[in-house]
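Derivation of every value follows stated rules applied to the coordinates shown; laboratory data play no part. Just so it is clear, the model here is predicted, and its values are computed rather than measured. Neighbour counts are summed over all protein chains in view; Cβ atoms, including those assigned to glycine, are modelled from backbone coordinates with ideal geometry.
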Amino acid sequence: MNLDFSQIAPSLPYILKGLQVTLQIVAVSAIFGFTLGTLLALCKIARIKALGWFADAYTSVFRGTPLVLQLMIIYYGLPQLTGYDITAFLAAVLAFGLNSGAYMSEVIRAGIQAVDKGQTEAAMALGIPYRKMMLNIILPQALKNILPALMNEFITLTKESAVVTVIGAADLMRRAYIVGGETYSYFEPLLFVGAIYYLLIMLLTLLGKAIERRMKKGD
């Protein structure tokens, strides 16, 4: 094996700068996706059938098409329709957030429906408004049940963020590819970036387990 990591050593700081871009995309997309997923989940269990149909159709479209296609439509297609250019960062956040929201909506919906119906009936009997009931009673209990699934979705989002390299975002993958082109050696920078992603996933996994243990102690 003809591996020589010394040739990419000067470029390591350049590659590591892409970590900030990756983390920013993942963090903003996760918040956007969770918020959207919660709204879609509430639409799916709402008594207004039109809201349920809309949420189901939305989920079907975003779960039924490739993420990279959604990303490229937003980045290349929207400017054609609107006449305004969109940055790679914004395109990535929109694509990942909209896609993640579709998946999270199913997880959150299942979590809400898993909460004992007696909780809802008791809240309604006490005259608690629907909004307060969901925010203060149902959703907190649902989140405890679906935390592992949400962390898994967050981990998946972190790995899938590497797709932004196709639209030129200067993330970890893109910078590793550039360094590989400059040194005519792709294996070393890609292996280095792979190790960074692995460490990120391990940290997220440990964080998720720590949060889960803390929530169980609070019961």
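Using θ = phi - 60° and the Karplus relation 6.51 cos²θ - 1.76 cosθ + 1.60, list the HN-Hα couplings for segment 3-16 in order, rounded to whole Hz, with x at every Gly or Pro.
Each residue of segment 3-16 in turn: 9, 9, 6, 5, 6, 9, 3, x, 9, 4, x, 5, 5, 5 Hz.
Using the 10 angstrom Cβ neighbour count as an exposure proxy, how do Phe154, Phe192 rank, fewest first? Write down the numbers at each step before the final one.
On the way: Phe154 21, Phe192 18.
Ascending number of Cβ neighbours within 10 Å: Phe192, Phe154.
How would Lys132, Lys217 line up from fewest to most surrounding beta-carbon atoms within 10 angstrom?
Working: Lys132 10, Lys217 7.
Arranged by neighbour count, lowest to highest, Lys132, Lys217 become Lys217, Lys132.
Report the full-extension gain for the segment Met202 to Leu81: residue separation times 0.36 nm, less the Cα-Cα distance, to one decimal in nm. Please report the intermediate quantities before stating the final value.
Values: separation 121, 0.36 × 121 = 43.56 nm, distance 4.09 nm.
Going from the current span to full extension adds 39.5 nm.
Rounded to the nearest 20 Debye, what is the dipole magnitude of the chain about its Cα centre when Lys and Arg each give +1 and Asp and Glu each give -1 at the C-beta?
On the way: 18 positive and 13 negative charges, 180 e Å.
Computed about the Cα centre, the dipole is about 860 debye.
Distance check, please: which entries in Lys44/Lys117; Lys49/Lys159; Lys117/Lys216; Lys44/Lys209; Lys44/Lys132; Lys132/Lys159 exceed 24 angstrom between their Cα atoms?
Lys49/Lys159; Lys44/Lys209; Lys132/Lys159
GNM, the chain, Cα, under 10 Å: largest mean-square fluctuation among Leu190, Leu135, Leu23?
For the chain, modelled as a Gaussian network with Cα springs under 10 Å, the answer is Leu135.
Could you go through segment 100-117 in sequence order and give the Karplus-derived ³J(HN,Hα) for each residue, using 6.51 cos²θ - 1.76 cosθ + 1.60 with θ = phi - 60°, rounded to whole Hz, and x for Gly and Pro?
5, x, 5, 6, 5, 4, 5, 5, 5, 4, 4, x, 5, 6, 7, 5, 3, 4
Can you pull the Kirkwood radius for segment 132-219, inverse mean 1/r over Cα pairs, to one decimal in Å? Kindly include the intermediate steps, with their values, before the conclusion.
Working: mean 1/r = 0.0647 Å⁻¹.
Computed over Cα pairs of segment 132-219, the Kirkwood hydrodynamic radius comes out at 15.5 Å.
Which three extents, in whole angstrom, do the alpha-carbon atoms of segment 1-122 cover along their principal axes, largest first?
66, 39, 26
Using the count of nearby Cβ atoms within 10 Å as a rough guide to exposure, how do Val21, Val115, Val164 rank from fewest to most? Walk me through the numbers before you get to the answer.
On the way: Val21 20, Val115 17, Val164 27.
Lowest to highest Cβ neighbour count: Val115, Val21, Val164.
Which residue, Ile178, Tyr198, Ile167, has the largest displacement toward the positive end of the dipole of the chain when charges sit on each Cβ (Lys, Arg +1; Asp, Glu -1)?
Among Ile178, Tyr198, Ile167, the one farthest towards the positive end of the dipole of the chain is Tyr198.
How high is the FRET efficiency from Leu191 to Arg214, r the C-beta distance, R0 35 Å, rounded to 0.05?
Working: r = 35 Å, r/R0 = 1.00.
That pair, Leu191 with Arg214, gives E of 0.50.
More than 15 Å apart: what percent of Cα pairs in segment 12-53 qualify? Don't skip to the answer; put the middle values down first.
Numbers: 508 of 861 pairs.
Looking at segment 12-53, the distances longer than 15 Å represent 59 percent of pairs.
As a check on your grasp of the helix formula, calculate [θ] at 222 nm for the chain: sum -39500 (n - 2.57) over DSSP H runs of n ≥ 4, divide by the residue count, round to the nearest 500. Present the calculation step by step, with values, prior to reporting the outcome.
On the way: 10 runs with 165 residues, N = 219.
Theoretical 222 nm ellipticity from helices: -25000 deg cm²/dmol.
Of Asn145, Leu40, Leu12, which is farthest towards the positive pole of the chain's charge dipole, taken about the Cα centre with +1 and -1 on the beta-carbons of Lys, Arg and Asp, Glu respectively?
Value computed over the given set: Asn145.
Please grab the % of Cα pairs in the chain that end up more than 25 Å from each other. Could the numbers behind the result be given before it?
Values: 12073 of 23871 pairs.
So the portion of pairs separated by more than 25 Å is 51 percent.
Which of Gly208, Thr87, Leu98 sits closest to the plus end of the dipole of the chain, meaning its Cα is farthest towards the positive end, when Lys and Arg get +1 and Asp and Glu get -1 on the C-beta?
The listed residue farthest towards the positive side: Gly208.
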